[in-house]
Amino acid sequence: YDPTIMRRERLDDDIASLSSRRRIEHFSRAFMNLTAAASSSSNSSSSSESSAIHVFGAIVMDIQCQSERNTKTNATAMQRGTSVKGSCVHTPGGVGRNICETVGALVSIWMSSSAGRNKNRLSVHMHSQIGEDDVGRKMVEQLQRELRVDVKDVKMDSSSRTSTVVALLDDQDGERELFACVADVADVEIPIGRVRSSSRIGEGQSRFVVCDANLSEESLRNVVSGKDEQNEHVFFEPTSVTKSVKIASIVNVVDATSPNAKELREMANALRRSLAPGSPPSPCPFNPHLKFASAQEALNVLAGDLQILHSHGVKVVFLTLGELGSIVSSSCGESGKTRYAHVKAERVNGTSTYSVVGAGDAFVAGVVFKLASSSKVKFNFKENVDAAAFGSKVAALCVETTKNSLGSTSENVRKLEKIVNSQNSSRIVELKPLIAAFP
């Protein structure tokens, strides 16, 4: 990271030729100028209104190691018990940080566009903890200086080190897949006092809270305590199968969540056990490996698990299915029924080797941005499907890059610009489970 870039006095007139940092800075400055102008206009009825996205989660340094492919046998060299030739890349990561970077880039682009200028102000805030070391400081500086993310609630802990994850990646059929991983990551602690001291909702404001499951259960409860049901919305990101069960401690205030199939099953099981200790793991475990040939098959198997979450008050579940896309399971409060839609995965272009690392975080960032940028979050069926379709586009961009998120290169920013400026209403492909689903 070169801080001298940020001190240049003049902006190049040709935006396309700017470096990634200058390009994002251009959007961020435009956004900040628009915000200041709006706040100074006391005669405008919308000037007192604003929305904020608050992301609570982990900031992690990812070290990704990729083995070289054997050009003679066309096989990868990754194997146990010996060292192999390859490459290692240090990449800023962490579920919360990844979501925050991509959301920050989307907000900066959108607020400088003609569509964004006519909407309410939208700001992005990161809440986390890091060690008192250079690794943590540089990752936080990147969010603040390049993307204008508010990082005042990222706290340094002198008694710990910044979390690190080492991932070994193997090439399988042109796609980089995780071979093994070691995570030196402790639960993120957010004391109740720190939550209450952060900006709360004012008149005419709304707040979108994203919690990743790297938070401790106590911290999750602290973050959502005193939720304003009218103006505050909570999105729970499960992070992993093991950590996904933490939803049980806050499910009564969760509006939306984004599990994959295994995370969904584990979340539903945790809620079943909270109601009836000793209950079976699932009502119909037809597919113990949770691998599906189609979205319809996935819905047939998992509809009961989706209903468990809805019965606890979750308004919408964005069930991610990898290359099969996603299923939007939307609880329609007015009718008491659940509607399901299949959103296809976007086509991935422009590279021969894909990386799925960070794609799920990019999907969440796209969904959250789409929902939070609307004038009023209602979580209605059409709104949820449009958000999933937009999230799929953002996830596809992430698959095309080796980065964990999409705010740090000029090429990615140009691609984000394109999808932000060409948002269209999605065609709804409704599904129905083979058998009526019950919790």
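The values are calculated or read from the model by the stated rules, or taken from the named source; none is laboratory data. In this text, all values refer to a predicted model and were calculated from it rather than measured experimentally. In this analysis, Cβ positions are derived from the backbone assuming ideal geometry, glycine residues included, and neighbour counts consider all displayed protein chains. Areas reflect the complete protein model, heavy atoms only, side chains present, ligands, DNA and RNA absent. Shrake-Rupley method; radii C 1.70, N 1.55, O 1.52, S 1.80 Å.
Annotation note: Cβ proximity below 9 Å between a residue of the range 78-107 that is over 23 Å from Val55 (Cα atoms) and a residue that is in a loop (DSSP other than H, G, I, E, B) and open to solvent by 80 Å² or more (accessible area, probe 1.4 Å) (sequence gap 6+ or interchain) occurs for Val84/Glu68; Lys85/Glu68; Gly86/Glu68; Ser87/Glu68; Val89/Thr402.
Here are some residues: Glu177, Glu146, Glu101. Which one is modelled with pLDDT under 85, assigned to a helix (DSSP H, G or I) and within 22 Å of the chain's Cα centre (by Cα)? One residue alone meets the criteria, Glu146. The C-beta contact set for the range 327-353 (first residue of a type in the set (D, E, K, R), second residue open to solvent by 40 Å² or more (accessible area, probe 1.4 Å) and modelled with pLDDT of 80 or more, distance under 7 angstrom, 6+ apart or interchain) comprises Arg339/Glu430; Glu346/Lys393.
Name the one entry in Val135, Val107, Val95 that is at pLDDT 85 or above, in contact with a Phe, Trp or Tyr (Cβ under 9 Å, 6 or more places away or on another chain) and of a type in the set (A, V, I, L, M, F, W, C). Matching residue, one of Val135, Val107, Val95: Val107. Within the range 204-239, the residues that satisfy the criterion of being at pLDDT below 90 and either open to solvent by less than 10 Å² (accessible area, probe 1.4 Å) or more than 18 Å from Gly313 (Cβ to Cβ) (or both) are Gly204, Gln205, Ser206, Arg207.
Only helices (runs of 4 or more DSSP H) whose full extent lies in the range 328-439 are considered here, and the ones with at least 1 residues that are farther than 17 Å from Val317 by Cβ, modelled with pLDDT under 90 and open to solvent by less than 10 Å² (accessible area, probe 1.4 Å) are 381-399, 410-420.
Among the conditions (1) at pLDDT 95 or above; (2) farther than 24 Å from Arg97 by Cβ, Pro277 misses just one, which is (1).
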